[in-house]
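The values are calculated or read from the model by the stated rules, or taken from the named source; none is laboratory data. Computed from a predicted model, the values in this text were never measured in an experiment. Note that we place each Cβ from the backbone using ideal geometry, even for glycine, and neighbour counts take in every protein chain shown.
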């Protein structure tokens, strides 16, 4: 059931262009710094029509969504933030549990006067997206969730036993000292081992994201995302106990990564789950198989109720 690749698997912030080394967002997109729930989120916004919210994961930022944003902006209002503590968003000391970050997202949509949205997420973004959907189910019309588990949900206890996921417990002052000045080495491990083919994660993208994660406090905030998993598991079990999500869910896995396990996870938390496995892909679906991934998301969001 569980398939995961093993061994193959501030002022400075504002001075760094958000898409210097990756494909830029369409020229008509704008950026805003939105104050919400004790943090400031850097957000890219563009397009017209029903809203779609894109939430990135660890090792990347909202920049990862540029190709998908270009496609969806034809008939959607696209909102792509950097999560709390990541990218060009602020890095408060606390609030990295995903329940709190779900509230960040609710405040973000309130600031943009968006009542409800489709939701597309990857990696840590899955966890924030689920916490948002569980707390505000009436605000999510459809949910695409891609290639990462949910703490405390479904086969979580089995998943976390994988040796490939040692980074879930790698945090704290000594971990930060070890990685300081070596952020690229640390991040290369994710991009290489969690890809079906490491060459699919380009050198330009690696340089771009490594610069962002080398900003002061960025790795500390990133490690805090993982340090919150125990609390996230407690919160998610409570969410599931209150009732499963009822909006349509597309659970997407790379065939060399989580594969059909994404649907197993989501069937423990939602009632209307469609399974999709993207061939010839590891964890980095938007880098490894962008055309297939974008086509699948577009088809699901366009599907009639």
TODO: Determine whether the stretch 91-112 contains at least one residue that is closer than 19 Å to residue 209 by Cα and touching a strand residue (DSSP E or B) at 6+ places or on another chain (Cβ under 6 Å).
DONE: no
Task: Leading residue by the ranking (surrounded by the fewest Cβ atoms within 10 Å (Cβ to Cβ)) among those in the stretch 119-135 that are touching a helix residue (DSSP H, G or I) at 6+ places or on another chain (Cβ under 6 Å) and either part of a helix (DSSP H, G or I) or at pLDDT below 95 (or both) - done: 135
Open item on the list: The conditions are (1) under 15 Å from residue 58 (Cβ atoms); (2) surrounded by fewer than 18 Cβ atoms within 10 Å (Cβ to Cβ); (3) touching a helix residue (DSSP H, G or I) at 6+ places or on another chain (Cβ under 9 Å), and residue 82 fails exactly one of them. Which is it?
Closed with: (2)
Task: Output for the stretch 65-83, where each listed residue is touching a strand residue (DSSP E or B) at 6+ places or on another chain (Cβ under 6 Å) and farther than 15 Å from residue 31 by Cβ - done: 72, 76
- [ ] Look through the stretch 136-155, keep the residues that are out of contact with any strand residue (DSSP E or B) (no Cβ under 7 Å at 6 or more places or on another chain) and surrounded by fewer than 19 Cβ atoms within 10 Å (Cβ to Cβ), and return whichever of them is nearest to residue 102 (Cα to Cα).
- [x] 136
Task: Scope the stretch 261-299; condition within 18 Å of residue 130 (Cα to Cα) and either part of a loop (DSSP other than H, G, I, E, B) or over 18 Å from the mean Cα position of the chain (by Cα) (or both); matching residues - done: 264, 267, 268, 269, 270, 271, 272, 273, 274, 275
- [ ] Evaluate the stretch 246-255: report whether one residue or more is surrounded by fewer than 22 Cβ atoms within 10 Å (Cβ to Cβ), modelled with pLDDT of 95 or more and farther than 22 Å from residue 136 by Cβ.
- [x] yes
Task: Given (1) part of a loop (DSSP other than H, G, I, E, B); (2) under 20 Å from the mean Cα position of the chain (by Cα); (3) modelled with pLDDT of 95 or more, index of the condition residue 9 fails - done: (3)
Task: Scope the stretch 237-259; condition closer than 17 Å to residue 148 by Cβ, part of a loop (DSSP other than H, G, I, E, B) and in contact with a strand residue (DSSP E or B) (Cβ under 6 Å, 6 or more places away or on another chain); matching residues - done: 255, 259
TODO: Show the residue pairs that are 6+ apart or on different chains and have beta-carbon atoms under 9 Å apart, the first residue being within the stretch 164-188 and farther than 17 Å from residue 226 by Cβ, the second being loosely packed, with under 15 Cβ neighbours inside 10 Å.
DONE: 184/207
- [ ] Determine whether residue 63 is assigned to a helix (DSSP H, G or I) and either over 14 Å from the mean Cα position of the chain (by Cα) or surrounded by 24 or more Cβ atoms within 10 Å (Cβ to Cβ) (or both).
- [x] yes
Open item on the list: For the stretch 66-79: of the residues being in contact with a helix residue (DSSP H, G or I) (Cβ under 6 Å, 6 or more places away or on another chain) and more than 20 Å from residue 212 (Cβ to Cβ), which is surrounded by the fewest Cβ atoms within 10 Å (Cβ to Cβ)?
Closed with: 71
